[in-house]
Each structure stands twice: as C-alpha cells, then as structure tokens.
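One structure below.
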Amino acid sequence: MRQRLAILGSTGSIGVSTLDVVARHPDRYEVFGLSAQRRVDLLLAQCRQFRPRIAVVATEAGAAELRRGLKDAGLATEVLVGPEALCQMAAAPEVDAVMAAIVGAAGLPACMAAARAGKRLLLANKEALVVGGGLFMRAVAEGGATLLPIDSEHSAIFQCLPEDRRTWAQRIDHIVLTASGGPFRQREHASLHDVTPEQAVAHPNWVMGRKISVDSATMMNKALEVIEARWLFDLEPERIRVVIHPQSIIHSMVVCRDASVLAQLGTPDMKVPIAYGLAFPERIESGAASLDFLQLAALTFEAPERSRCPGLFLAWDALRAGAGTTAVLNAANEEAVAAFLAGTIAFTAIHKVNAHTLEALPPGLGADHTLEDLLDLDRRARALAGRLIKELSA
Ligand code: NAD
Ligand code: MG
C-alpha cells in the first residue's frame with residue numbers, strides 16, 4: 001500500500017523539496033492533496049506532475065485560475081478555497097501522512113486538525129508548535145498522531161534517540177542545537193541598522209523561504225527552535241543549549257547522562273530530514289549528496305553572544321513565563337519580519353518589536369486554554385506589534 005500524502009504549502013521551499021523526494025519513490029507515495037497561498041502557476045505544474053485528488057488555494061480568483069488550467073490539462077483535481085479547506089484536507093480519511101510546510105501561525109489550525117485525526121504529521125511549520133505548545137502536544141497524544149520533526153536540528157536529535165520515546169527522559173542530560181549564525185554572525189547587532197532585506201535573506205549555507213531566512217539572520221529562528229525542542233522532546237528549558245557551528249555539518253547533538261554525545265551529520269540539504277520523516281523508521285534515498293569528509297576543512301564552534309543575537313535569548317525567557325507567551329513572541333516576530341521585508345522598519349527594529357510586545361502583553365491564559373484562545377492571543381499580539389511597528393517606522 002502506498003502512503004497517501006497531503007502537503008500543506010507545497011509551493012514553498014520545503015514543499016518543493018518534499019515533492020522532489022516523493023518523485024523518487026512512486027512505489028511508496030501517492031499525492032492526495034497540495035496547497036498554495038499565491039503561486040497558482042507552480043501549483044498547477046505540481047498538479048500536472050502528481051495528479052492529486054484535491055488542491056487548496058487562498059482565494060476564489062486563484063481557484064478560478066487553477067480550475068481553468070486543470071481543465072486545459074484534462075485533470076480532475078478538485079479545487080477548494082481557504083483555511084477551512086486546509087483543515088479538511090489535513091484530516092481527510094484518505095490521507096495517511098501530512099507534511100505541514102506552511103510558514104507561520106497560519107498553519108496551526110490545519111496542524112491541529114491533522115493531529116486530532118491521528119495522522120502521521122511531518123512538522124516543518126515550527127511556528128505552529130511555538131504557538132500551540134502544550135495544546136498541540138495534547139492533540140497529538142489524544143488523536144494518536146505520530147509527530148515527526150522535519151526541522152533539521154530536531155530531525156537530528158530525533159535520529160539520535162531510540163524509537164521508544166518513553167526512554168528519552170532517562171537518557172538525555174541535555175541537547176545542543178547547532179546554529180550557523182546566519183549571514184551576520186560576526187557583527188554586533190547594533191551595527192546592523194542599515195542591512196537590506198536582500199542582504200538578510202542571503203543565507204551562507206541553506207536556501208529557504210524569505211521569512212525563515214530573516215529569522216536566521218536575527219537568530220530568532222534558533223529561538224523558535226529552542227521552543228520547538230521543548231515540546232518535541234519534553235525538555236525543561238535549561239536542558240536545551242545552543243552552539244554556533246558555522247559549517248552546518250553537525251545538525252544537532254544529544255548529550256547523554258553518561259556524557260556520551262550523539263550527533264547527526266550531513267550536507268545541509270532539507271531532503272535528508274524530509275526523507276527520514278517520510279520513511280521513518282526506514283531509510284530511503286533522499287537525493288542529497290553524501291558528506292565528503294576529506295573536503296571538510298574544519299568543524300568549529302562558538303558561543304552565541306547576547307550583543308550579537310539578543311533575539312535568541314528571548315526563547316528561554318518566554319518558555320519560563322506563562323502559557324501563551326511563546327505565541328505572543330511568535331506573532332510579534334511574524335509582524336516585525338513582514339514589516340522589515342516590506343521596507344517599513346530597520347533590521348534592528350525586529351528585536352525591539354519582539355522584546356516590547358513580550359513585555360507589554362502577558363497572555364494570562366489558564367492551563368485549560370483552547371485553540372481559539374491562542375488564535376485570539378495571536379491577533380492581540382499582532383495588533384500591539386503593529387502599533388510598535390508604526391512608531392518605529394516614523
Ligand atoms: P516558504 O515561504 O518557501 O513556503 C511557504 C508555503 O506556505 C508556500 O507554499 C505558501 O504558499 C504557503 N503559505 C504561506 N502563507 C500561507 C497562509 N497564510 N496560508 C496557507 N498557506 C500559506 O517557506 P519555507 O521556507 O518552505 O518554510 C515552511 C516552514 O518550514 C516554515 O515554518 C519554516 O520555518 C520551516 N522550515 C523551513 C526550512 C527550509 O529550509 N526552508 C527548514 C526548516 C524549517
Ligand atoms: Mg532548523
């Protein structure tokens with residue numbers, strides 16, 4: 001039996017890499033559903049190649065354009081519109097596995113739908129877990145879903161651990177997430193006032209979507225990953241450490257109780273964690289080049305400094321504060337990054353927006369909060385961040 005896949009955000013960097021791996025294994029995978037926010041042209045090309053049953057787009061205009069293209073190509077793919085349709089596709093009874101590759105909190109409802117429906121859930125969409133936190137993890141447990149990390153660091157940790165997660169707490173002393181340090185690794189944060197979006201998205205080792213590329217430049221990406229690790233591996237914040245490793249060859253490490261260190265290495269190519277998520281617990285060809293040790297000059301490590309990446313340190317603050325605080329941080333950051341990419345605020349203003357929003361909006365959520373509570377908090381944090389952005393852009 002082939003695994004039937006729904007790919008949320010199939011036109012993005014992770015979505016395209018997922019389809020690349022899937023295309024290498026037509027005997028194992030079949031595409032049930034695809035989705036895109038804007039790139040209807042690329043979505044149509046994907047429909048021609050993979051012939052999904054369903055395609056979801058954001059607008060009626062996009063749907064009309066896609067339907068015309070599908071008709072010309074003689075394809076019977078059904079076109080659905082909007083966030084509700086994404087949830088339906090993620091929970092559809094025909095679907096075995098969901099690749100969550102939407103960027104931002106916008107992906108949370110569909111991830112929750114997949115979790116509640118007990119799917120095999122391949123999670124690239126880290127913001128969904130940063131916002132959803134304990135609620136997300138309860139939905140995974142109650143729905144009987146299998147949560148497989150796709151973020152390269154978390155896949156690395158997952159690959160270093162035994163399949164039986166009940167043994168994890170006993171084995172792990174702490175984990176070390178590696179960070180490339182991004183394009184501004186050697187610069188003081190205060191000197192980055194004038195950097196442009198193009199400079200910020202030019203990552204030295206990875207080719208990724210624009211939002212995560214800016215997050216890598218501010219190191220907010222690593223902050224989000226610390227929070228993501230807290231939930232994926234059920235670790236107290238002090239058991240999660242970060243080290244800068246500019247070559248991005250070691251993708252992360254587990255330090256065991258006996259001081260033995262387990263690491264996962266490879267070329268920086270997202271097809272590796274994607275293939276692992278797709279085939280787990282088996283291994284399949286990913287299409288990535290294998291590591292040539294003799295070409296590696298050196299593997300080096302540096303401590304992250306507050307003066308260079310102040311955003312990173314917000315992760316532990318937010319994790320120690322009340323439920324919902326990480327959702328506030330994520331919302332502020334999404335708004336600030338969008339404003340920076342639009343040319344409205346300076347690069348250094350991103351951290352100001354994040355830190356001020358965190359300080360000004362204690363979430364006040366109870367332990368029994370719902371998805372609606374989190375989405376409401378997300379909206380309030382965005383409104384507050386929006387006001388800060390206005391002030392900072394003046
Ligand atoms: P991207 O911008 O390249 O693609 C995002 C996808 O989501 C696109 O298909 C887009 O159409 C869709 N989308 C965007 N906004 C949407 C919305 N509001 N509703 C529905 N769909 C929407 O992003 P990416 O780089 O592929 O990253 C996707 C996720 O994976 C992010 O959470 C990112 O942090 C994570 N991730 C990416 C990489 C990478 O190498 N690109 C690595 C690790 C983790
Ligand atoms: Mg990562």
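The values are calculated or read from the model by the stated rules, or taken from the named source; none is laboratory data. Just so it is clear, the structure is predicted and the values come from calculations on it, not from any experiment. We place every Cβ from the backbone using ideal geometry, glycine too, and count neighbours over all the protein chains shown. The area values use the complete protein model at the heavy-atom level, side chains included, leaving out ligands, DNA and RNA. Shrake-Rupley method; radii C 1.70, N 1.55, O 1.52, S 1.80 Å.
Details
- Against the conditions (1) surrounded by fewer than 22 Cβ atoms within 10 Å (Cβ to Cβ); (2) outside the structural domain of residue 213 (by TED's automatic domain parsing); (3) touching a Pro at 6+ places or on another chain (Cβ under 7 Å), residue 123 satisfies every one except (1).
So that you can scan it fast, the table gives a plain yes or no per residue for (1) assigned to a helix (DSSP H, G or I); (2) under 30 Å from residue 113 (Cβ atoms); (3) of a type in the set (D, E, K, R); (4) under 21 Å from the mean Cα position of the chain (by Cα):
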site	(1), (2), (3), (4)
363	no, yes, no, no
373	yes, yes, yes, no
383	yes, yes, no, no
390	yes, no, yes, no
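- Scan of region 207-232 for residues that are within 12 Å of ligand 2 (Cβ to nearest atom) and modelled with pLDDT under 95, ordered by number: 208
- Residue 240 being closer than 18 Å to residue 306 by Cα and either crowded, with 21+ Cβ neighbours inside 10 Å or touching a strand residue (DSSP E or B) at 6+ places or on another chain (Cβ under 7 Å) (or both): yes
- Within region 17-46, the set of residues being hydrophobic (A, V, I, L, M, F, W, C) and either in contact (Cβ under 8 Å) with a residue 12 or more places away in the chain or within 16 Å of ligand 2 (Cβ to nearest atom) (or both) comprises 19, 21, 22, 23, 31, 32, 34, 36, 40, 42, 43, 44.
- Pairs, first hydroxyl-bearing (Ser, Thr, Tyr) in region 193-222, second assigned to a helix (DSSP H, G or I) and open to solvent by 30 Å² or more (accessible area, probe 1.4 Å), C-beta under 8 Å, six or more apart: 218/351
- Helices (runs of 4 or more DSSP H) fully within region 129-217 that include at least 3 residues being in contact with a helix residue (DSSP H, G or I) (Cβ under 9 Å, 6 or more places away or on another chain), away from ligand 1 (no atom under 16 Å from the Cβ) and not charged (D, E, K, R): none found.
- Residues that are in contact (Cβ under 8 Å) with a residue 60 or more places away in the chain, assigned to a loop (DSSP other than H, G, I, E, B) and more than 10 Å from ligand 1 (Cβ to nearest atom) within region 96-118 comprise just one, 96.
- Beta carbons closer than 8 Å, at least 6 apart along the sequence or on distinct chains, pair a first residue in region 325-354 that is at positive phi and touching a residue at least 40 places away in the same chain (Cβ under 8 Å) with a second that is open to solvent by 10 Å² or more (accessible area, probe 1.4 Å) and assigned to a helix (DSSP H, G or I) for 343/197.
- Scan of region 129-167 for residues that are buried (at least 16 other Cβ atoms within 10 Å of the Cβ), within 18 Å of residue 259 (Cα to Cα) and more than 16 Å from ligand 2 (Cβ to nearest atom), ordered by number: 161
- Some residue of region 278-301 being in contact (Cβ under 8 Å) with a residue 40 or more places away in the chain, within 25 Å of residue 12 (Cα to Cα) and open to solvent by less than 10 Å² (accessible area, probe 1.4 Å): yes
- Of all the listed residues (93, 83), the sole one being over 21 Å from residue 284 (Cβ atoms), within 16 Å of ligand 1 (Cβ to nearest atom) and open to solvent by 60 Å² or more (accessible area, probe 1.4 Å) is 83.
- The number of residues in region 179-215 that are touching a strand residue (DSSP E or B) at 6+ places or on another chain (Cβ under 8 Å), closer than 26 Å to residue 131 by Cβ and open to solvent by 10 Å² or more (accessible area, probe 1.4 Å) comes to 1.
- In summary, residue 368 fulfils each of the numbered conditions (1) in contact with an Asp or Glu (Cβ under 9 Å, 6 or more places away or on another chain); (2) among the charged types (D, E, K, R); (3) assigned to a loop (DSSP other than H, G, I, E, B) with the single exception of condition (1).
- Residue in region 43-53 that is closer than 26 Å to residue 379 by Cα and either out of contact with any Leu (no Cβ under 8 Å at 6 or more places or on another chain) or open to solvent by 30 Å² or more (accessible area, probe 1.4 Å) (or both) present: no
- Number of the exception - residue 269 against (1) open to solvent by 10 Å² or more (accessible area, probe 1.4 Å); (2) within 14 Å of ligand 2 (Cβ to nearest atom); (3) not in a loop (DSSP other than H, G, I, E, B): (3)
- Residue match in region 49-61 (condition: out of contact with any helix residue (DSSP H, G or I) (no Cβ under 8 Å at 6 or more places or on another chain) and under 23 Å from residue 132 (Cα atoms)): yes
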